[in-house]
Amino acid sequence: VPSDTSKLAVLVNPDRLRSSVKRLFRNRIDEVLSELFQNSQRSNSTAVDILTTDHTFIIQDNGHGLLNGIDGFHTLLKLAESNFDNETINDQDPMGLGIVSLLTHDQVKQVTFSSGNLELTIETDLWWNDLAYYSTWYERIVTLDEPVSGLRIAVTCSPELIKALNAA
């Protein structure tokens, strides 16, 4: 038995977990929308707007947005982590995988998250396949001139995904 048994408390290979997480989702837009709507509800949103073009969609809610600045982006992107300012969260027990359904979708190329006065753009292929890109995500956060209320997610994707979104 190792002298420091506390190291046995969590037996997870983080690299393997990251490379395997895509298999949790099936590339379905209803799956993505369900996760995004749950996140909006958990952030006390009362309205969610969706705007589409041929290659993009923007989903914006009027909830509390990401909490605690850059830490909110860290929580958003961290697997199995959630941070909502909402009493019902204990009953819902979120898994912290909602955004992963969007980032793993094969037809999604780029995602920009905007909340408060901060914004982060993620190239999805690099996010999953380039450790240097993934591990330095925080270096790509920019400060906005005009703050965003709630959370705005702008997605660049295939026209087929836009058609599926409009049909849903």
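Restricting the range 42-77 to residues that are assigned to a loop (DSSP other than H, G, I, E, B) and within 16 Å of Thr112 (Cβ to Cβ), which is farthest from the chain's Cα centre (by Cα)?
In this case the residue turns out to be Thr53.
Would you point out the residue of the range 37-54, among those that are of a type outside the set (D, E, K, R) and touching a strand residue (DSSP E or B) at 6+ places or on another chain (Cβ under 6 Å), that is surrounded by the fewest Cβ atoms within 10 Å (Cβ to Cβ)?
My answer is Leu51.
Just checking, does the range 102-117 include any residue being crowded, with 18+ Cβ neighbours inside 10 Å, on the phi > 0 side of the Ramachandran plot and either acidic (Asp, Glu) or at pLDDT 90 or above (or both)?
Yes, some residue in the range 102-117 is crowded, with 18+ Cβ neighbours inside 10 Å, on the phi > 0 side of the Ramachandran plot and either acidic (Asp, Glu) or at pLDDT 90 or above (or both).
Within the bounds of the range 80-95, is there any residue that is at pLDDT 90 or above, open to solvent by 40 Å² or more (accessible area, probe 1.4 Å) and under 17 Å from the mean Cα position of the chain (by Cα)?
No: zero hits.
I'd like the residue in the range 135-159 that is free of Cβ contacts under 8 Å to residues at least 24 places away in the same chain and part of a helix (DSSP H, G or I) and, out of all such residues, is surrounded by the most Cβ atoms within 10 Å (Cβ to Cβ).
Result: Arg140.
Would a scan of the range 119-126 turn up a residue that is touching a strand residue (DSSP E or B) at 6+ places or on another chain (Cβ under 8 Å), buried (at least 17 other Cβ atoms within 10 Å of the Cβ), acidic (Asp, Glu) and part of a strand (DSSP E or B)?
Yes, some residue in the range 119-126 is touching a strand residue (DSSP E or B) at 6+ places or on another chain (Cβ under 8 Å), buried (at least 17 other Cβ atoms within 10 Å of the Cβ), acidic (Asp, Glu) and part of a strand (DSSP E or B).
The values are calculated or read from the model by the stated rules, or taken from the named source; none is laboratory data. Model, not experiment: these values are computed from the prediction. Note that we place each Cβ from the backbone using ideal geometry, even for glycine, and neighbour counts take in every protein chain shown. All accessible areas refer to the heavy atoms of the entire protein, side chains included, with ligands and DNA or RNA removed. Shrake-Rupley method; radii C 1.70, N 1.55, O 1.52, S 1.80 Å.
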